[in-house]
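The values are calculated or read from the model by the stated rules, or taken from the named source; none is laboratory data. As the structure is a computational prediction, the values presented were derived from the model and not from experiment. Here the Cβ positions follow ideal geometry from the backbone for every residue, glycine too, while neighbour counts run over all protein chains shown.
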Amino acid sequence: MMLQDFGLLLQLSAPANNWVSAGSVLVEQVITLLISLLTLLALSIQIARPYFLRILRKFTLRLAADVWWLIFVLLRDAGIFLVLFLGITLFWPGTFQDYAVAMPFQPLGIDFFTFALVLLLLRDTNEDAKANKLLTIFIAIGTALFLFGTIFVTYNPAQLTGISIPTVSTSPSNFWGFMYTYFDSINSPLISIYSFYITLIVLGLAGGRAVTWSYEQWGTTPLDSIMGLFGMKKKAPAAAQEAK
């Protein structure tokens, strides 16, 4: 009797599992669309920087000028940060088989936004013209990669199986079919896992540079902190010891 009850419980829980799976896919789709909009927001604000500066010069009140510039900085920098924050979900390997991720386009786009965020830490892009141009390049490439992957892979019309769409086929010889076959994480696990390794390493290197920058502001290094945890002190250079 207990075995029959257990089997009935499994049958009843199956629809619930389907609902959970569908819900997780919906969440991933919402996150992807939100990231796409945030990339466009960051790029649009960065490109419109000359416009913000032109309007800024027209303000006669210092408070109004400060608020106007704060809007520019907040929208751009918050957009870049949120793209990275939400984009971390694309670096979870378990996501690749649950939801179609455009590999390597979307994770690589997140990497370029990471470069942009690190650049904001290292350089004053508002005062350094070269740094500002480099920031624009990073944001533009990141936006192009992410949107390309979203449009041509994640929302590929070839995924609409059972629906006849002119010029759309799942055959690799067709453009939509080629993108769907080779760059969809569900269909190409080998490309997905190698893309994951490469983009994750790049993300880690950029994040490591941000960590070292934060230590530099305190006049120390990560190694000094690790040695301090074990009660060890870094030896002073010989020249410094002789000076003492």
- Message: Filter region 127-147 down to the residues that are surrounded by fewer than 18 Cβ atoms within 10 Å (Cβ to Cβ) and in contact (Cβ under 8 Å) with a residue 40 or more places away in the chain and list them by number.
- Response: Asn132, Thr136, Ala140
- Task: For Gly177, state whether it is in contact with a Ser or Thr (Cβ under 9 Å, 6 or more places away or on another chain), part of a helix (DSSP H, G or I), modelled with pLDDT under 85 and surrounded by 13 or more Cβ atoms within 10 Å (Cβ to Cβ).
- Result: yes
- Item | Among the candidates Leu38, Leu53, Leu34, residue that is at pLDDT 90 or above, surrounded by 10 or more Cβ atoms within 10 Å (Cβ to Cβ) and under 23 Å from Ile137 (Cβ atoms) | Leu38
- So is Val73 surrounded by 11 or more Cβ atoms within 10 Å (Cβ to Cβ), of a type in the set (Val, Ile, Thr) and at pLDDT below 80 or not? no
- Item | Residue that is modelled with the lowest pLDDT [pool: residues in region 77-91 that are buried (at least 20 other Cβ atoms within 10 Å of the Cβ) and either touching a Phe, Trp or Tyr at 6+ places or on another chain (Cβ under 6 Å) or of a type outside the set (A, V, I, L, M) (or both)] | Gly87
- Query: Out of Thr136, Thr154, Thr167, Thr125, which single residue is modelled with pLDDT of 90 or more and among the hydroxyl-bearing types (Ser, Thr, Tyr)?
  - Reply: Thr136
- Query: For residues in region 92-114 being in contact with a helix residue (DSSP H, G or I) (Cβ under 9 Å, 6 or more places away or on another chain), modelled with pLDDT under 85 and not in a loop (DSSP other than H, G, I, E, B), which is surrounded by the most Cβ atoms within 10 Å (Cβ to Cβ)?
  - Reply: Phe96
- Note on the structure: Matching residues in region 190-206 (small (Gly, Ala, Ser) and in contact with a Ser or Thr (Cβ under 7 Å, 6 or more places away or on another chain)) number 2
- Please tell me if Val67 is touching a residue at least 24 places away in the same chain (Cβ under 8 Å) and of a type in the set (A, V, I, L, M). no
